[in-house]
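Just below is one structure, and these are the notes that go with it.
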Amino acid sequence: MNITLALRLLLGVSGALLLLNVLFLYSVANPTIGFALQAILAVCLIVYAFFLNRIPPKVHIGAIILLLIPLVLSLLLAFYGNRHNVDYTEDVVIVLGAGVNGVNVSRPLARRLHAAADYWFENPDAIIVVTGGLGNRATITEAEAMARFLIQRRGIPAEAILLEEHSTSTYENLIFAKDILEQPFPDGFSAVLITNDFHIYRAVRTARAVGLEVNSIGAYTDWYTWPVNYLREILAVINFKLFS
């Protein structure tokens with residue numbers, strides 16, 4: 001097998017696997033713009049493989065650069081998202097909402113909740129704030145589903161949990177959580193922010209934008225969701241940098 005044929009095979013198989021991955025995730029998770037981005041990337045790889053012999057060398061260089069940019073940005077987001085800096089004396093744990101199917105939390109959200117529970121058992125004086133309104137595949141709010149998970153699956157007492165059930169974005173998660181916490185903590189509070197590792201960078205900066213200084217824990221992201229989540233998050237970070 002020559003190098004060109006091997007490269008075409010690698011690109012074509014990679015594109016096909018990415019496309020199959022999108023179809024699988026669509027069946028089990030709430031769709032986001034990351035699904036479309038991954039599908040576009042998959043189709044581009046397949047088309048590129050098909051026309052590989054006809055593409056000029058300069059285009060190959062440009063294509064390599066275009067592929068390296070999201071890869072490098074993803075690595076930076078992953079590095080930042082896994083630098084936990086909590087000291088287990090914080091007053092509050094804020095858990096950002098994510099997809100809920102019916103009454104069941106999605107795997108990414110379950111990862112966040114397990115991280116929150118693990119933290120709380122180390123610091124049971126903290127209050128956990130779960131955030132999120134009603135999603136498009138949910139029959140209860142994200143916050144309610146999160147509270148049920150913490151109580152039923154991890155044994156967190158209900159009195160340790162506050163619900164914020166109206167938000168529809170990261171910004172609203174944080175601004176509404178801050179409003180809820182002003183009553184029990186009129187003199188201010190220290191907080192831990194928990195979301196998935198790919199989301200930590202933007203979430204921490206959004207928290208600062210609404211007047212919250214937070215430490216953070218990045219919850220593990222399942223490997224097979226990396227392309228969808230990191231492609232979406234790169235676009236979201238660029239949008240945040242340009243328009244916030």
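Below, the figures for the structure above:
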| read-out | value |
| --- | --- |
| Loop-located trypsin sites (Lys or Arg not before Pro) in segment 84-150, at most 15 other Cβ atoms within 10 Å (DSSP) | Arg137 |
| Alpha carbon convex hull of segment 124-244, projected area averaged over orientations, nm² | 8.3 |
| Dipole of the chain [Lys/Arg +1, Asp/Glu -1 at C-beta], most positive-end residue of Leu71, Asn30, Trp226 | Leu71 |
| Dipole of segment 47-137, positive direction: furthest Cα of Ala116, Val103, Leu52, with charges on the beta-carbon | Leu52 |
| Kirkwood hydrodynamic radius of segment 64-209, from inverse mean 1/r over distinct Cα pairs, in Å | 15.7 |
| Debye, to nearest 20: dipole size of segment 40-123, +1 on Lys, Arg Cβ, -1 on Asp, Glu Cβ | 700 |
| Placed amide H near Asn101: partners under 5 Å, 5+ positions off or other chain | Ser106 |
| Cα Rg over Rh - segment 103-185, Kirkwood | 0.94 |
| For segment 3-81: Kirkwood Rh in Å [reciprocal of mean 1/r, alpha carbons] | 13.9 |
| Degrees separating the helix 142-154 axis from the principal Cα axis of the chain, which is the longest one | 80 |
| Assigned charges on the beta-carbon of Lys, Arg, Asp, Glu; the chain dipole about Cα centre (debye) | 1500 |
| The chain: antiparallel DSSP beta bridges as a percent of all, rounded to 5 | 10 |
| Student exercise, segment 92-222 dipole from Lys, Arg, Asp, Glu Cβ charges, in Debye to nearest 20 | 500 |
| For segment 92-222, share of DSSP beta bridges that run antiparallel, in % to the nearest 5 | 10 |
| Phi-based couplings in Hz for segment 161-175 (Karplus 6.51, -1.76, 1.60; Gly and Pro marked x) | 10, 10, 10, 10, 10, 10, 7, 10, 8, 4, 4, 5, 3, 7, 5 |
| Solution diffusion estimate, µm²/s, Stokes-Einstein, the chain, Kirkwood Rh from C-alpha pairs, 10 °C, viscosity 1.306 mPa s | 82 |
| The chain: calculated mean residue ellipticity at 222 nm from DSSP helix runs of at least 4, using -39500 (n - 2.57) | -19000 deg cm²/dmol |
| HN-Hα J in Hz across segment 127-132 - Karplus 6.51, -1.76, 1.60, θ = phi - 60°, x for Gly and Pro | 9, 9, 10, 9, 10, x |
| Whole-angstrom gap from segment 97-120 to segment 227-244, using each part's C-alpha centre | 22 |
| Among Glu90, Glu144, Glu122: highest mean-square fluctuation, GNM of the chain, C-alpha pairs under 10 Å | Glu122 |
| Between segment 173-217 and segment 8-43, the alpha-carbon center distance in angstrom | 33 |
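Values in this text are rule-based calculations from the coordinates and carry no lab data. Quick caveat, the model's predicted, so the values are computed rather than measured. No Cβ is skipped: glycine too gets one built from the backbone with ideal geometry, and neighbour counts run over all protein chains shown.
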